[in-house]
1. Can you compute the equivalent ellipsoid semi-axes for region 174-260, i.e. the square root of 5 times each eigenvalue of the Cα gyration tensor, sorted largest first and rounded to whole Å?
2. To the nearest 0.05, how large is the calculated FRET efficiency for residue 58 and residue 223 if R₀ is 41 Å and r is the Cβ-Cβ distance?
3. Using alpha-carbon pairs under 8 Å, 6+ residues apart, how would you state the relative contact order of the chain in percent?
4. Give me the angle, in degrees from 0 to 90, between the Cα long axis of helix 152-165 and the longest principal axis of the Cα atoms of the chain, rounded to the nearest 10.
5. Could you tell me the calculated FRET efficiency between residue 144 and residue 77, based on Cβ-Cβ distance and R0 = 30 angstrom, to the nearest 0.05?
6. Taking the Cα atoms of region 115-194, report the difference between the largest and smallest coordinate on each principal axis, in whole Å and largest first.
7. How far apart, in nanometres, would the label points at residue 250 and residue 95 be if each is projected 7 angstrom from Cα along the Cα-to-Cβ direction?
8. Can you tell me how much longer the chain between residue 102 and residue 115 gets when fully stretched, taken as 0.36 nm per residue apart minus their C-alpha distance, in nm with one decimal?
């Protein structure tokens with residue numbers, strides 16, 4: 001099993017995380033609405049909480065079912081979001097059929113469950129992270145997981161627990177924390193980092209493949225004004241800039257921002273690996 005220090009110190013971490021970012025971008029492009037669950041830290045954590053509550057339910061005990069009230073209370077207690085934000089999130093998930101009411105539920109509890117498309121999309125997220133871990137140490141986690149697809153129900157709640165208790169994930173540094181509150185902010189960072197030449201990763205100002213803010217905003221389905229405001233905030237921190245005219249030349253990211261991103265990726269991968277090890281250590 002790899003811990004965060006092992007992962008962060010790996011000489012090829014960036015190359016492998018870059019491939020992972022591209023895989024997550026493909027998931028986003030295939031289903032932007034569904035992938036948006038995982039596109040800000042708060043929504044991402046709420047998505048994990050909802051999935052974990054669904055997978056941990058006891059079919060024989062309706063008191064353990066995923067319901068709106070249980071979800072809201074859990075999210076509030078673990079300081080993921082306010083009750084109002086959690087309530088709005090669930091309503092959005094139902095509206096866009098990311099979650100659905102369980103057929104036959106009674107009128108008092110209204111049990112919920114993720115739709116099949118949601119589970120399929122999250123499975124792609126799991127595959128991407130297991131593949132990265134395998135590339136880091138040459139192991140065969142993904143192959144073992146694919147032999148036991150039922151393991152998702154055991155693995156995901158442990159991933160959720162790990163993410164909720166991970167300080168690097170919950171309390172990231174300056175620039176990363178700036179973007180995690182932006183709609184699709186996670187995808188913004190994945191897009192910036194996926195376009196970096198690994199040979200340039202040691203530079204103070206690392207060129208990306210992003211040039212046009214308008215095209216970037218359009219691809220992200222974000223307001224250009226909103227995205228530009230966040231980019232200006234990041235620019236004021238010295239975390240991004242342009243090699244020429246602002247918004248019309250190649251954007252660069254600072255080495256510090258790059259390291260912040262990689263620290264969070266290392267923490268997230270360590271959480272997934274610990275969850276995987278726990279699942280398979282009891283699977284005999």
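1. Details: eigenvalues 66, 40, 29 Å².
For region 174-260, the ellipsoid semi-axes come out as 18, 14, 12 Å.
2. Values: r = 44 Å, r/R0 = 1.07.
Computed FRET efficiency for residue 58 and residue 223: 0.40.
3. Details: 359 pairs, mean separation 72.1, N = 284.
This gives 25 percent for the chain.
4. 60 degrees
5. Details: r = 34 Å, r/R0 = 1.14.
With a Förster radius of 30 Å, E is 0.30.
6. Principal-axis extents of region 115-194 (Cα, largest first): 40, 33, 25 Å.
7. Inter-label distance under the simple model: 4.1 nm.
8. Details: separation 13, 0.36 × 13 = 4.68 nm, distance 0.98 nm.
In short, 3.7 nm is gained.
Taken together, the values in this text are just the output of simple stated rules run on the coordinates, not laboratory data. Fair warning: this is a prediction, and the values are worked out from it, not measured in the lab. When we count neighbours, we look across all protein chains shown, and the Cβ atoms used for this are built from the backbone with ideal geometry, even at glycine.
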